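S.K.: The structure is given below, and queries will be raised subsequently.
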């Protein structure tokens, strides 16, 4: 991590990742990028449906490969790059047939490292294979939820899931949230844990850095009018009144309640619920 001399109040509190020691390229691979339009949290009618979004620096979207559909062809990592659209580092993987693709890099992989995608690939960091062929206790990331649909979960910086058991065509995984869920053992996963595990130690230091990232300030409900929030209104500072507890702007309980949909289609795959307040 990188700290700064306290030349200003914000510098005193800023902690960043020392990218110079990690990254090997300053510009993305142009053939693997496309333009992206920011929505500002608004839907197709112009209404704000996702709050605290807007502004921010312009970005190019990196076309990261989550399908990994080139089987049994060795690939070599040629760069380690920053991606503004995700927390983990990405890199250009050059396959033996010459094709280039962006992949989310695992922790410990550097330029020159190789990996392979295949059913009988060795159990080594960066290799990708079906869950049924990975032994219990192994750390994995970039995990599919449906076979062939591409990696959907455990893709953020420093995250990993641990394989607990194999049973009746399913693999039991302990998720980063402490939840234990089962996934079809035909789904694929990558060995290792996602790179940039120091991401959680970053301190922005000032409000402006959040604005650069497109994150707008969060206004307290008590500072609003009654029409805008259940906590709003009153002369001067007010409490939340005779309510069971804090509420969201939509009138739902904010803390200490379970938010998972009772009839969610994937409930049958959750063996042990996550512990509230535990990451």
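The values are calculated or read from the model by the stated rules, or taken from the named source; none is laboratory data. Everything quoted here is computed from the prediction, not taken from an experiment. Glycine also receives a Cβ, built like all others from the backbone with ideal geometry; neighbour counts cover every protein chain displayed.
S.K.: Among the residues of the stretch 32-62, what is the count of those that are loosely packed, with under 13 Cβ neighbours inside 10 Å and under 30 Å from residue 130 (Cβ atoms)?
M.R.: Residues flagged as loosely packed, with under 13 Cβ neighbours inside 10 Å and under 30 Å from residue 130 (Cβ atoms) within the stretch 32-62 amount to 0.
S.K.: Which strands (runs of 3 or more DSSP E) does the stretch 163-279 wholly contain that include 1 or more residues that are outside the structural domain of residue 42 (by TED's automatic domain parsing) and out of contact with any helix residue (DSSP H, G or I) (no Cβ under 9 Å at 6 or more places or on another chain)?
M.R.: Numbers: elements: 170-174, 180-184, 188-191, 270-272.
In the stretch 163-279, 270-272 are the strands (runs of 3 or more DSSP E) which contain 1 or more residues that are outside the structural domain of residue 42 (by TED's automatic domain parsing) and out of contact with any helix residue (DSSP H, G or I) (no Cβ under 9 Å at 6 or more places or on another chain).
S.K.: Across the stretch 219-246, what is the total count of residues that are surrounded by 13 or more Cβ atoms within 10 Å (Cβ to Cβ) and out of contact with any strand residue (DSSP E or B) (no Cβ under 6 Å at 6 or more places or on another chain)?
M.R.: In the first step, residues of the stretch 219-246 are kept if they are surrounded by 13 or more Cβ atoms within 10 Å (Cβ to Cβ); the result is 219, 221-222, 224, 228-233, 240, 246.
Restricting the remaining residues to those that are out of contact with any strand residue (DSSP E or B) (no Cβ under 6 Å at 6 or more places or on another chain) gives 219, 221-222, 224, 228-229, 231-233, 240, 246.
Of the residues in the stretch 219-246, 11 are surrounded by 13 or more Cβ atoms within 10 Å (Cβ to Cβ) and out of contact with any strand residue (DSSP E or B) (no Cβ under 6 Å at 6 or more places or on another chain).
S.K.: Kindly list the number of the only condition in (1) over 16 Å from residue 144 (Cβ atoms); (2) touching a residue at least 24 places away in the same chain (Cβ under 8 Å); (3) surrounded by 15 or more Cβ atoms within 10 Å (Cβ to Cβ) that fails for residue 165.
M.R.: Among (1) over 16 Å from residue 144 (Cβ atoms); (2) touching a residue at least 24 places away in the same chain (Cβ under 8 Å); (3) surrounded by 15 or more Cβ atoms within 10 Å (Cβ to Cβ), the lone unmet condition for residue 165 is (3).
S.K.: Moving on to the next point. Please find, among 55, 46, 40, the residue that is in contact with a strand residue (DSSP E or B) (Cβ under 7 Å, 6 or more places away or on another chain) and part of a loop (DSSP other than H, G, I, E, B). Step through it out loud before you land on a result.
M.R.: Details: 55 fails: in contact with a strand residue (DSSP E or B) (Cβ under 7 Å, 6 or more places away or on another chain); 46 fails: in contact with a strand residue (DSSP E or B) (Cβ under 7 Å, 6 or more places away or on another chain).
From the options 55, 46, 40, the qualifying one is 40.
S.K.: In addition: Given (1) at pLDDT 95 or above; (2) within 17 Å of residue 155 (Cβ to Cβ), where does residue 133 come up short, assuming only one miss?
M.R.: (2)
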